[in-house]
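Contents: one structure, followed by commentary.
Every read-out reported here was derived from the displayed coordinates using simple, explicitly stated rules and does not represent laboratory data. If you're wondering where the values come from, they're calculated on a predicted model, not measured in any experiment. Heads up, the Cβs are rebuilt from the backbone with ideal geometry, glycines too, and the neighbour counts pull from every protein chain shown.
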Amino acid sequence: MTARRLQSITPFHVMALLARARQLEAEGRSIVHMEIGEPDFDTPAPIVEAGIQALQAGRTHYTPAAGLAALREAIAGHYRQRFDAEVSPGRIIVTPGASGALQLITAALVDPGNRILMTDPGYPCNRNFVYLYGGSPVAVPVDAQQGYQLDSARLAAYWTDNTVAALIASPSNPTGAVVSRARMAELLAAVRERDGRLIVDEIYQNLYYRDKPHSALELGDDVFVINSFSKYFGMTGWRLGWLVAPEEFVAPLDILAQNLFLAAPTPAQYAALAAFEPQTLAILEQRREQFQTRRDYLLPALRSLGFDIPREPEGAFYLYADCSRFSEDSFAFTNELLEHAGVAVTPGIDFGTYEAGRHVRFAYTTSLEQLQLGVERIARFVAA
Ligand SMILES: Cc1ncc(COP(=O)(O)O)c(C=O)c1O
């Protein structure tokens with residue numbers, strides 16, 4: 001018998017879809033992949049080179065649990081250079097992906113029975129981390145009217161005595177919606193008033209297509225911020241992220257990290273030292289521009305096919321589209337799209353329950369040519 005908590009942990013439906021897509025490809029079908037939540041670009045060469053050098057130099061042993069001092073310094077430097085935030089490297093803990101950071105923070109904040117507010121739609125793993133520690137994730141429905149993000153009115157409506165934190169991602173997965181600086185300040189004030197904590201997942205922060213991004217760290221030292229080398233830096237498989245914690249949480253989080261992971265992968269940490277170098281950042285900025293070109297193509301193309309995308313996504317690499325003109329069962333719709341049109345997209349049910357049957361997520365993590373092919377195929381499918 002498995003532990004009861006496993007019954008609450010849900011799979012990603014898109015994984016089954018991806019497996020089916022791969023099977024169809026093995027049978028010779030051509031599939032356009034718009035379901036994948038990671039950049040199609042490989043890790044930039046300077047990072048790969050630094051990783052190879054680290055391996056050849058025998059950097060294969062554990063690092064301190066909170067990460068290499070040099071990497072924590074480099075991350076603090078990133079906040080100083082790109083953002084208006086002075087962060088002491090001592091408050092930065094390097095983790096196995098943002099996933100590791102999310103687990104540490106949930107473990108540090110959630111006692112059995114505690115609640116954490118999060119948006120629906122939102123990143124699906126978050127609720128499962130809360131379940132693992134015996135807490136209750138509270139899905140707060142958000143739609144285009146609220147900019148697909150929490151606001152202080154919703155926070156007030158859903159906050160109860162046993163609520164300990166609100167977790168937001170900006171830009172968000174699956175909507176690409178960004179929380180403005182003013183809204184972030186409002187949320188932080190609302191959480192502070194209730195003696196809770198604000199957790200901000202900034203994993204898509206540097207993938208922006210409108211306003212220059214801000215960090216919640218600019219607003220105070222009492223927020224938890226999560227970030228990662230996965231998306232903007234193109235290092236998904238290296239499993240490396242970080243968190244910035246309020247001072248009083250650093251020592252307990254360090255102890256938790258020692259116990260849960262010992263440390264983040266050592267070669268990946270050495271490789272990531274090259275992530276902030278000018279030549280790497282130049283490559284990454286070119287990639288960001290390519291994502292923008294893709295978004296600028298795909299958004300109007302999908303709208304003209306009849307998908308409703310009321311808000312222009314300002315970041316990440318996703319478009320969250322209302323597909324109810326074609327189907328009220330987005331799960332069935334994504335399966336049909338795959339089988340009959342050869343296009344893979346993610347059903348709304350992977351991100352929550354609120355209006356999930358009416359929504360699908362398109363990821364523009366493939367070339368412009370593939371996106372154009374995908375749009376042609378969808379056009380033919382919905383016309384038929
Ligand atoms: C919003 C969000 N947070 C966290 C993660 C976890 O990323 P990683 O563990 O690769 O850093 C993802 C991955 O898709 C995500 O979309």
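Among the helices (runs of 4 or more DSSP H) confined wholly to the range 257-340, which include 3 or more residues that are away from the ligand (no atom under 16 Å from the Cβ) and touching a Lys or Arg at 6+ places or on another chain (Cβ under 8 Å)?
Details: elements: 266-272, 278-305, 330-336.
Here the list reads 266-272.
For the range 324-335, the criterion of a residue being within 22 Å of Phe41 (Cβ to Cβ), surrounded by fewer than 19 Cβ atoms within 10 Å (Cβ to Cβ) and polar (S, T, N, Q) is satisfied by no position. Quick check on the range 185-219: of everything there that is away from the ligand (no atom under 16 Å from the Cβ) and of a type in the set (A, V, I, L, M), which residue is nearest to Gly97 (Cα to Cα)? Among those that are away from the ligand (no atom under 16 Å from the Cβ) and of a type in the set (A, V, I, L, M), it is Leu217.
Would you call Arg115 away from the ligand (no atom under 16 Å from the Cβ) and not small (Gly, Ala, Ser)?
In short, yes.
Taking the condition buried (at least 24 other Cβ atoms within 10 Å of the Cβ) and part of a loop (DSSP other than H, G, I, E, B), does Pro213 pass? Here the answer is no, as Pro213 does not meet what is asked. Within the range 220-231, can you find the residues that are within 11 Å of the ligand (Cβ to nearest atom) and in contact with a helix residue (DSSP H, G or I) (Cβ under 6 Å, 6 or more places away or on another chain)? Listed by number, the residues that qualify are Ile226, Ser228, Phe229, Ser230.
For (1) over 18 Å from Ala108 (Cβ atoms); (2) in contact with a strand residue (DSSP E or B) (Cβ under 9 Å, 6 or more places away or on another chain), each residue gets a yes or a no:
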site: Phe224; (1), (2): no, yes
site: Gly234; (1), (2): yes, no
site: Gln258; (1), (2): no, no
site: Ala274; (1), (2): yes, no
site: Glu285; (1), (2): yes, no
site: Glu289; (1), (2): yes, no
site: Tyr297; (1), (2): yes, no
site: Tyr320; (1), (2): yes, yes
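Considering the range 75-166, the qualifying strands (runs of 3 or more DSSP E), each wholly inside and each with 3 or more residues that are buried (at least 22 other Cβ atoms within 10 Å of the Cβ), run over 92-95, 115-120.
Taken together, Leu253, Leu243 contain a single residue that is surrounded by 19 or more Cβ atoms within 10 Å (Cβ to Cβ), in a helix (DSSP H, G or I) and touching a residue at least 12 places away in the same chain (Cβ under 8 Å), which is Leu253.
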